[in-house]
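First up is the structure itself, then whatever we jot down about it.
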Amino acid sequence: MPPGSPLLLRPPFSASVVPWISKRRINAMAKPICSRFIHLEDSQDVANGSNGFKFRFISYNILAQVYVKSSYFQHSPSSCLKWKARSQAILMDFKNFDADFLCTQELDEYSTFYKSNMENLGYLSLYIKRSGQKRDGCGIFYKPSSAQLLQMEEIDYNDLVNCMSALNEIGNNKVLDLETRHAPIKELSRKHQPDDPHVRLKRDCVGLLAAFQLNDSSNHIIVVANTHIYWDPNWADIKLAQAKYLLSRLSQFKELISNKFTCIPSVLVAGDFNSTPGDEVYRYLVSASEVAPIQLRSLYAAHGGEPTFTNCTPDFTGTLDYIFLSGSRLRAVSLLEMPGPESADVIGGLPNHHHPSDHLPIGADFSVLQSP
C-alpha cells in the first residue's frame, strides 16, 4: 500500500496471518448473533452479598464506516459492508445487548444516526470526536433509568505534545513519567519527521471520563473511562505514553469525584487498547506495584483468562479490547460469551453477516455489593 493511503488511518495491528482464517464467504442470509451471557460459578454467593442492584456494561469497537472499504476487507461479503446494512446491524446489536452502559470506539455518524436512534431506545449519550481531520471518536451510551450523569471530562492525547517530559522521554526512547509537571511549550516550526517527538505524540486519539450515580438503594457512584489507544505496534512508546496519561487523568478524576461527592467510587475502564495481553501497555494497566497511579484488574483475566481474540481479520487475530475495574463494590455475575476460532460465525474473518465490525463486543453483568 503506497504511503498516504487511507488504510494507514486504520491498519491491522500486525501483518501476521492466522492459519485458520480462510477467504470463504459467509452465507448472505446469515443473521446477527444474539448476545449470550454466561453466569459465573460464584455469582450466587455474590448475589447474596449484594443490595439487589445489577447493571450491564458493554465495550465495543464498532468499526467506523469511514474506514470500511471493500479493498481493505476483501474477505468480507460486500453486502455487509454497506452503511445501510451495517448501521442497522450495529443498532440491532445495541438493542440486543440491553446494556445499561455501552462504551463504543470508532463511533462515527454520531449526530446523524446513532444519537437519535439510541435515544429512541432509551439512552442518553456522551461523545468526543477525534482530533484533527479524523471523523470517528468515542461514545458512552447510558440509560437514565439506571444511572444519572454527575460529571464528565474529555481526554485528548495530543495534549502530551505540550508536556516537556513526554517530549524529552519519547525522544530519548525512555518511559514517560507524568508525575513531573512542566509548563506548556510553544509549538515550533519543524519538518514533520516520524522520529520527531512532537509528531509522534500527535496521534489524534481521545477518550472520555464520566461519573455516574447508580439508581440503586445506596446511590453508589461509578467512574467510567472509555478510550481508543493508538494502533501502530512499532510505536509502543506512544501507546504506553497514552496509557500512562489515561491513568494519570483517571486517578485525578476519581479523586475529584471522591472529594466532591464524599464517596469511594468504583472504576470501570473500557476500550480498544491496541495491545495484546502481556505486552508493555497491558502490563502497565494491570500493574500491582506502585508504578501506576490507580490499581486496575482485568475483568476477563480475573474470570478464566482474556478472550482468545476480540479482533478478527485475515491479517491479524488477537485480543485488543479490555474492560478493567477497580474497587471492591462491584462483582461480575456473568460475562458476555466469546466465540472460539472454530465458531462458524467468525470463520472467514470479520466483519460478516453475523458481526458488523471486525471487533467483537465484550461485557458483563455486575452486582453492586453492600457497603461494609
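At a glance:
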{"item": "Accessible area of region 36-166 belonging to carbon and sulfur atoms, whole % at 1.4 Å probe", "result": "47 percent"}
{"item": "Entries of Lys95/Lys260; Lys129/Lys244; Lys143/Lys202; Lys95/Lys244; Lys69/Lys95; Lys84/Lys115 with Cα pairs more than 24 Å apart", "result": "Lys95/Lys260; Lys143/Lys202; Lys95/Lys244; Lys69/Lys95"}
{"item": "Under the Debye formula (equal points on every Cα, no solvent term), log10 I(q)/I(0) of region 241-304 at q = 0.23, 0.29 Å⁻¹", "result": "-1.07, -1.42"}
{"item": "In region 276-341, the GluC sites (Glu not before Pro) that fall in loop regions by DSSP, at most 10 other Cβ within 10 Å", "result": "Glu290"}
{"item": "Over region 268-372, equivalent-ellipsoid semi-axes from the Cα gyration tensor in Å", "result": "27, 17, 10"}
{"item": "Portion, in percent, of the accessible area of region 260-340 that falls on carbon or sulfur, probe 1.4 Å", "result": "52 percent"}
{"item": "Alpha-carbon Rg with Dmax, taken over region 75-122, Å", "result": "11.5, 35"}
{"item": "Mean accessible surface per residue for region 275-372, computed with a 1.4 Å probe while every protein chain stays in place, in Å²", "result": "33 Å²"}
{"item": "Under Karplus coefficients 6.51, -1.76 and 1.60, residue-wise ³J(HN,Hα) of region 363-372 in Hz, glycine/proline x", "result": "x, 7, 9, 10, 10, 8, 7, 5, 5, x"}
{"item": "Per residue value of the accessible surface for region 65-150 (all protein chains in place, 1.4 Å probe), Å²", "result": "43 Å²"}
{"item": "Inter-site label distance for Ser218 and Asp156 at 7 Å from Cα along Cβ, in nm", "result": "3.8 nm"}
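The values are calculated or read from the model by the stated rules, or taken from the named source; none is laboratory data. Quick caveat, the model's predicted, so the values are computed rather than measured. No Cβ is skipped: glycine too gets one built from the backbone with ideal geometry, and neighbour counts run over all protein chains shown. Heads up: the accessible areas ignore ligands, DNA and RNA and are worked out on the full protein's heavy atoms, side chains in. Shrake-Rupley method; radii C 1.70, N 1.55, O 1.52, S 1.80 Å.
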